[in-house]
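The values are calculated or read from the model by the stated rules, or taken from the named source; none is laboratory data. A quick note: this is a predicted structure, and the numbers were derived from the prediction, not measured. FYI the Cβ positions are ideal-geometry reconstructions off the backbone, even for glycines, and counts take in every protein chain you see. Just the protein is used for accessible areas: all its heavy atoms, side chains included, with ligands, DNA and RNA removed. Shrake-Rupley method; radii C 1.70, N 1.55, O 1.52, S 1.80 Å.
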Amino acid sequence: MTQDAIRFSDAGQTFRTDSGPLTALSGVDLSIARHEFVAVLGPSGCGKSTLLRMTAGLIKPTEGTVSVFGLPVTEPRDDIGIVFQQATLLPWANVEDNVVFPARHKRGRVSQKDREHARAIIATCGLAGFEKRLPGELSGGMQQRVGIARALFLNPDILLMDEPFSALDALTRDAMGFELLRLWQASPKTVLFITHSIPEAVILADRVVVMSERPGRVIANLKVPLSRPRNESSLRSSEMQDFMGHLRGLLIKEKVA
Amino acid sequence: MSAEADISITEQTDKPKKATHVTPPEPFMEKLIRMPVVLPLLTFVLILVVWEAGTRLFAVPSYILPAPSRIMGGFEVVSLSRWIEHVWSTLRVALMGFLLAIIISLPIAVGLAKSRFLSRSLYPLLVVIQSVPVVAVAPIIIVVLGTDDAPRVVITFMITFFPLVVSMTTGLMATPPELIELSRSLRAPVWREISQIRLPYATPYIFSGLKISITLSVIGAVVAEFVAAEKGIGYFIQFSTSMFKLPQAWAGLVVLLVMSLVLFQAVSLTQKILFPWSLPKERK
Ligand SMILES: Nc1ncnc2c1ncn2[C@@H]1O[C@H](COP(=O)(O)OP(=O)(O)OP(=O)(O)O)[C@@H](O)[C@H]1O
Ligand SMILES: [Mg+2]
């Protein structure tokens with residue numbers, strides 16, 4: 001159990017573009033323990049989504065390695081679920097069909113057991129009663145719950161989340177954060193959570209990683225000095241305010257530099 | 001797409017919503033005018049009246065513009081069974097050309113959407129083919145393929161297929177990239193990415209292409225009949241005109257118009273019934 005769930009060793013990514021090579025990430029060293037919740041902060045375009053795609057096995061690092069549970073990632077794995085910024089549900093399929101979609105897409109058919117499993121996940125994600133609704137009939141927050149339910153369908157060990165709540169309004173966003181913590185505590189997973197919001201990173205994560213401007217590197221890797229369970233008032237203490245101020249300082253320095 | 005039985009049937013959940021919406025009863029006339037068909041119909045009747053009155057008042061000769069009543073007379077010159085024969089001949093060619101266009105443009109569109117190489121090599125060629133005036137090529141096609149349905153279907157196909165290829169390709173590429181990544185992260189086969197994600201996503205685009213193509217298919221069939229045919233509405237119009245039987249030719253035109261409209265509505269209705277989610281929100 002001491003093995004890292006995710007490990008970046010000197011990992012980098014250089015894209016070939018029409019205007020020459022573009023180094024998005026370079027020399028990233030980072031390890032994430034099993035069932036750890038790690039948030040990644042960084043300026044826009046510093047390669048956060050690229051980091052996530054490399055972990056998911058959607059693109060290969062052009063330097064160094066990315067390993068998951070000790071094995072270098074060469075292709076997508078079943079034990080990784082992805083949640084995107086937009087829920088990107090299938091607009092023609094109802095909530096239940098969207099959640100069982102991984103089964104239908106992977107195996108080409110959906111069993112009764114798959115449906116039962118989907119309904120159970122839908123219920124844990126607070127969507128009971130909405131199984132037959134179409135995505136267009138749901139609010140943004142509800143749609144993202146469906147997105148999370150879909151990512152949980154194959155019981156992944158690792159959940160990769162790319163700014164999952166940034167399209168939501170502030171109140172819904174906070175509520176979704178606590179909802180995610182509830183899910184994570186009920187069924188522990190390794191979470192790599194990308195965000196632009198310092199309070200969101202701090203309230204959710206065990207550890208916050210700050211990245212530099214492109215080419216992105218890890219410039220800070222800090223344990224969040226906050227016990228669990230956490231709630232709305234957790235961030236009020238002066239210690240937390242100082243911690244968030246420190247993170248803000250790191251990010252601003254990156255912006256100016 | 002047919003494998004996705006659940007994509008076609010969706011619950012109509014807006015009924016209870018309407019019931020809770022209590023509006024004061026509308027006066028009958030206002031309600032009538034708000035109905036979508038009433039206003040265009042009134043306009044149409046008005047145009048007919050003005051047309052009839054104008055042609056009578058100024059004694060316009062029927063070979064320039066026959067009055068609506070003369071055109072109605074033009075229908076009676078030919079027996080119903082003859083009309084049906086003409087209509088069927090044109091309809092058959094239009095539909096076969098349309099179907100051929102769908103069958104051929106689908107794989108081409110998939111190829112263009114999936115392969116950079118194909119879209120770079122094949123697409124410019126398609127544009128060139130599209131730019132060839134079909135009316136000018138039609139006689140050549142007739143000479144090459146003979147005088148039965150085959151050349152007419154090919155001519156119809158040539159007129160209809162390009163908008164279909166363009167709309168299908170655009171639709172297949174309109175899928176959110178995240179869903180393609182989801183598909184790849186599930187290591188699903190490519191054909192399932194196409195059938196379960198890309199094609200359904202392309203449905204609204206495909207239908208706008210189908211709506212353009214179905215009316216073009218009638219034009220294609222008529223063009224083919226102009227060149228060589230002994231049956232069909234296009235042939236009938238050309239024959240009547242050459243005999244200076246203009247009201248009769250106009251009657252043929254009316255039949256063509258009705259045919260186009262019915263085919264267009266059939267495509268619209270298919271979309272409404274089978275793919276209601278693919279319609280723009282407010283028109284649902
Ligand atoms: N497939 C690709 N081909 C070429 N360049 C790419 C590709 N993917 C990403 N990039 C570039 O790499 C850089 C990092 O992109 P990435 O999406 O990882 O940034 P990000 O940190 O997630 O940004 P944001 O905060 O805006 O989401 C950007 O400059 C982007 O334009
Ligand atoms: Mg990003």
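A:Phe15: more than 14 Å from every other protein chain (Cβ to nearest Cβ), within 16 Å of ligand 2 (Cβ to nearest atom), open to solvent by 10 Å² or more (accessible area, probe 1.4 Å) and on the phi < 0 side of the Ramachandran plot, yes or no? Yes; evaluated as a whole, the condition is true for this residue.
Give the range B:164-175 a look and list any residue that's open to solvent by 30 Å² or more (accessible area, probe 1.4 Å) and not aliphatic (A, V, I, L, M), or say none. Within the range B:164-175, B:Thr170 is the sole residue that qualifies. The set of residues from the range A:151-167 being within 16 Å of ligand 1 (Cβ to nearest atom) and among the small types (Gly, Ala, Ser) comprises A:Ser166, A:Ala167. Only one of the numbered conditions (1) within 16 Å of ligand 1 (Cβ to nearest atom); (2) surrounded by fewer than 18 Cβ atoms within 10 Å (Cβ to Cβ); (3) assigned by TED's automatic domain parsing to the domain that holds A:Pro164 is not met by A:Pro72, and that is (1). Quick check on A:Ala120: is it at pLDDT 95 or above, outside the structural domain of A:Leu181 (by TED's automatic domain parsing) and open to solvent by less than 40 Å² (accessible area, probe 1.4 Å)? Judged against the criteria, A:Ala120 is not a match.
Quick grid of which residues meet (1) open to solvent by less than 60 Å² (accessible area, probe 1.4 Å); (2) closer than 20 Å to B:Thr215 by Cα; (3) of a type in the set (D, E, K, R); (4) at pLDDT 90 or above:
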{"site": "B:Leu91", "(1), (2), (3), (4)": "yes, yes, no, yes"}
{"site": "B:Met96", "(1), (2), (3), (4)": "no, yes, no, yes"}
{"site": "B:Ala109", "(1), (2), (3), (4)": "yes, no, no, yes"}
{"site": "B:Asp149", "(1), (2), (3), (4)": "yes, yes, yes, no"}
{"site": "B:Thr156", "(1), (2), (3), (4)": "yes, yes, no, yes"}
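Take B:Ile108 and tell me if it is closer than 22 Å to B:Val267 by Cα, touching a residue at least 12 places away in the same chain (Cβ under 8 Å) and within 19 Å of the chain's Cα centre (by Cα). No, not satisfied.
Conditions (1) surrounded by fewer than 22 Cβ atoms within 10 Å (Cβ to Cβ); (2) on the phi > 0 side of the Ramachandran plot; (3) of a type in the set (Asp, Glu), marked per residue:
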| residue | (1), (2), (3) |
| --- | --- |
| A:Asp157 | yes, no, yes |
| A:Leu160 | no, no, no |
| A:Phe165 | no, no, no |
| A:Leu180 | no, no, no |
| A:Thr195 | no, no, no |
| A:Pro215 | yes, no, no |
| A:Leu222 | yes, no, no |
| A:Pro229 | yes, no, no |
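Of all residues in the range A:236-249, those satisfying the criterion of being more than 21 Å from the chain's Cα centre (by Cα) and open to solvent by less than 30 Å² (accessible area, probe 1.4 Å) are A:Met240, A:Phe243. Could you go through the range B:185-201 and let me know if any residue there is more than 12 Å from chain A (Cβ to nearest Cβ) and open to solvent by 40 Å² or more (accessible area, probe 1.4 Å). No, every residue in the range B:185-201 fails to be more than 12 Å from chain A (Cβ to nearest Cβ) and open to solvent by 40 Å² or more (accessible area, probe 1.4 Å). For A:Thr65, the requirement of being open to solvent by 10 Å² or more (accessible area, probe 1.4 Å) and either more than 15 Å from the chain's Cα centre (by Cα) or at pLDDT 95 or above (or both) is met. Does A:Val191 count as within 16 Å of ligand 1 (Cβ to nearest atom) and either crowded, with 17+ Cβ neighbours inside 10 Å or within 19 Å of A:Ile32 (Cβ to Cβ) (or both)? Considered against the rule, which asks whether it is within 16 Å of ligand 1 (Cβ to nearest atom) and either crowded, with 17+ Cβ neighbours inside 10 Å or within 19 Å of A:Ile32 (Cβ to Cβ) (or both), A:Val191 comes out as no.
Taking the condition away from chain B (no Cβ under 14 Å), touching a residue at least 40 places away in the same chain (Cβ under 8 Å) and of a type outside the set (Phe, Trp, Tyr), does A:Thr195 pass? Criteria met by A:Thr195.
Please enumerate the residues belonging to the range A:158-180 that are in contact (Cβ under 8 Å) with a residue 60 or more places away in the chain and not hydroxyl-bearing (Ser, Thr, Tyr). Scanning the range A:158-180 gives A:Ile158, A:Leu159, A:Leu160, A:Met161, A:Asp162, A:Glu163, A:Pro164, A:Ala167. Can you tell me which residue within the range B:123-146, out of those that are without any contact (Cβ under 8 Å) to a residue 24 or more places away in the chain, open to solvent by 70 Å² or more (accessible area, probe 1.4 Å) and aliphatic (A, V, I, L, M), is nearest to B:Ile108 (Cα to Cα)? Looking at residues that are without any contact (Cβ under 8 Å) to a residue 24 or more places away in the chain, open to solvent by 70 Å² or more (accessible area, probe 1.4 Å) and aliphatic (A, V, I, L, M), I get B:Leu125.
Within the range B:232-252, the set of residues being within 30 Å of B:Val144 (Cα to Cα) and surrounded by 15 or more Cβ atoms within 10 Å (Cβ to Cβ) comprises B:Gly232, B:Ile233, B:Gly234, B:Tyr235, B:Phe236, B:Ile237, B:Gln238, B:Phe239, B:Ser240, B:Thr241, B:Ala249, B:Gly252. If you check A:Gly108, A:Gly126, A:Gly45, A:Gly81 for being farther than 17 Å from B:Ser185 by Cβ and away from ligand 2 (no atom under 16 Å from the Cβ), only one passes: A:Gly126.
Look at (1) open to solvent by 10 Å² or more (accessible area, probe 1.4 Å); (2) within 14 Å of chain A (Cβ to nearest Cβ); (3) touching a residue at least 12 places away in the same chain (Cβ under 8 Å); (4) out of contact with any Ser or Thr (no Cβ under 6 Å at 6 or more places or on another chain) and you find that B:Ala229 fails only one, number (2). So A:Asp114 ticks every box in (1) outside the structural domain of A:Thr62 (by TED's automatic domain parsing); (2) within 16 Å of ligand 2 (Cβ to nearest atom); (3) charged (D, E, K, R) but one. Which box is left unticked? Condition (2) is where A:Asp114 drops out.
Per the listing A:Arg207, A:Arg173, A:Arg248, the residue uniquely touching a strand residue (DSSP E or B) at 6+ places or on another chain (Cβ under 9 Å) and closer than 23 Å to A:Leu52 by Cα is A:Arg207.
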